[in-house]
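Only one structure is covered here, and it is reproduced in the block below.
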Amino acid sequence: MSTPPAAIRAFLDHLAVEQGVSKHTASAYRRDLARYADYLAEHGLADLNAVSQGTISDYAASLREGVRDGDGWRHPPLAAASVARAVVSVRSLHRFAHSEGMTEGDPARAVTPPRPPRRLPKALSVAQVQTLLAAPGEDTELGLRDTALLELLYSTGVRISEAVQLDVDDVWHALRSPVDQTPTLRVLGKGNKERIVPIGSYARAALDRYLVRARPVLVARGPGSPALLLNARGGRLSRQSAWTVLATAAEKAGIKGDVSPHTMRHSFATHLLDGGADIRVVQELLGHASVATTQIYTMVTVDHLRQVYLTSHPRAY
């Protein structure tokens, strides 16, 4: 017979002595497994050999749903991430017990931790984007460069790494296209996959101002670089520096919370879908290999439609 408390003590000793886990990790396992031991005791399971796959699945469900005691919670519901961690702890215990010959089998092997709900990407409103794009100002060479970078990100939805890899030659043809045509850029994305993205008139104008008024000054400070976006010393702007440009502009614009380069991609995709763009087109523009990756943005627009309905329809409430 292998009692849960004895198996847990042996497992925790194994973690400390053999695995050398940190005190924080050991404490997390101890808390998770103490709760599991209480559950088994409440259900009359004094031997780990009596635990089945269904027992562990029911335990995970009880964590998600919580346990009421009278009018209050004896064990409040746990978030999906906490349930997942608890299930991982239980799986580790049963795997250890089986490997040490304490149990005849491993009932937890087929129990998978619940997947946390996918977080919706954060998108700025159109008004916030407009404020952000105006934040750097164009009184200095770096201000012109920063405006060009931000307009480029929002106009094309390119990744920050793709933007800083661009050379002047990559955009020259687009900037010289006829006014009545929408020019395109060739972008080298993940896995060295090339895609074509349109670039709007506002981004074209910002890039043109930067190339005429700012880049010649910046490139003269360095050994000469083909890069489109240059740093203050005339070298290629790094991904980290571009991130700083965006964070600084967001702070100047008074936008609360973290604004990352991915926020610009999220805003680009969300605003296109809000405007009626087909999801397959947005998939191509973002360079997603699968439309399933792009579909998360439809969740954002559905949420937007719901908000508009609730605030606009006279009989929504």
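Take the chain with all the other protein chains still there, run a 1.4 Å probe, and you get 55 Å² of accessible area per residue.
In order along segment 187-198, the Karplus-derived 3J(HN,Hα) couplings, from 6.51 cos²θ - 1.76 cosθ + 1.60 at θ = phi - 60°, round to 10, 9, x, 4, x, 6, 8, 8, 9, 10, 10, x Hz, and Gly and Pro are given as x. Distant-in-sequence amide contacts of V67, defined by a placed amide H-H separation under 5 Å and a gap of 5 or more residues or a different chain, comprise R74, H75.
Electrostatic tally near M102: other residues with Cβ closer than 14 Å to its Cβ, Lys and Arg +1, Asp and Glu -1, net -3.
Give me the extension gain from K252 to S201: residue separation times 0.36 nm, minus the current Cα-Cα distance, reported in nm with one decimal.
Going from the current span to full extension adds 15.9 nm.
Helix content alone sets the calculated 222 nm mean residue ellipticity of the chain: runs of n ≥ 4 DSSP H residues at -39500 (n - 2.57) each, divided across all residues, give -17500 deg cm²/dmol.
Can you give the local net charge around T3? Use residues other than it whose beta-carbon is closer than 13 angstrom to its beta-carbon, Lys and Arg +1, Asp and Glu -1. My count for the surroundings of T3 gives 0.
Within the listed set S27, S260, S155, the Gaussian network model of the chain (springs between alpha-carbon atoms below 10 Å) gives the highest mean-square fluctuation for S27. For segment 165-174, the Karplus equation 6.51 cos²θ - 1.76 cosθ + 1.60, evaluated at θ = phi - 60°, returns couplings of 7, 5, 9, 4, 4, 5, 10, 4, 5, 5 Hz by residue, with Gly and Pro reported as x. Among [x] 24.0; [y] 20.4; [z] 19.4, which one is Kirkwood radius over Cα pairs in Å computed from these coordinates? Comparing each candidate, only [x] matches the computed number.
Please give me the summed charge of the neighbours of L124: other residues whose Cβ is under 13 Å from its Cβ, Lys and Arg +1, Asp and Glu -1.
+1
Between the amide H of D167 and those of L228, distances stay under 5 Å, these residues lying 5 or more places away or on another chain, with hydrogens modeled in the peptide plane.
Here the chain has 52 percent of its accessible surface on carbon and sulfur atoms, given a 1.4 Å probe and all protein chains in place.
The values are calculated or read from the model by the stated rules, or taken from the named source; none is laboratory data. Keep in mind that this is a model prediction, so the values were computed, not measured. A quick note on method: Cβ atoms are made from the backbone with ideal geometry, for glycine too, and the neighbour counts reach across all protein chains shown. With ligands, DNA and RNA removed, areas are computed over all heavy atoms of the protein, side chains included. Shrake-Rupley method; radii C 1.70, N 1.55, O 1.52, S 1.80 Å.
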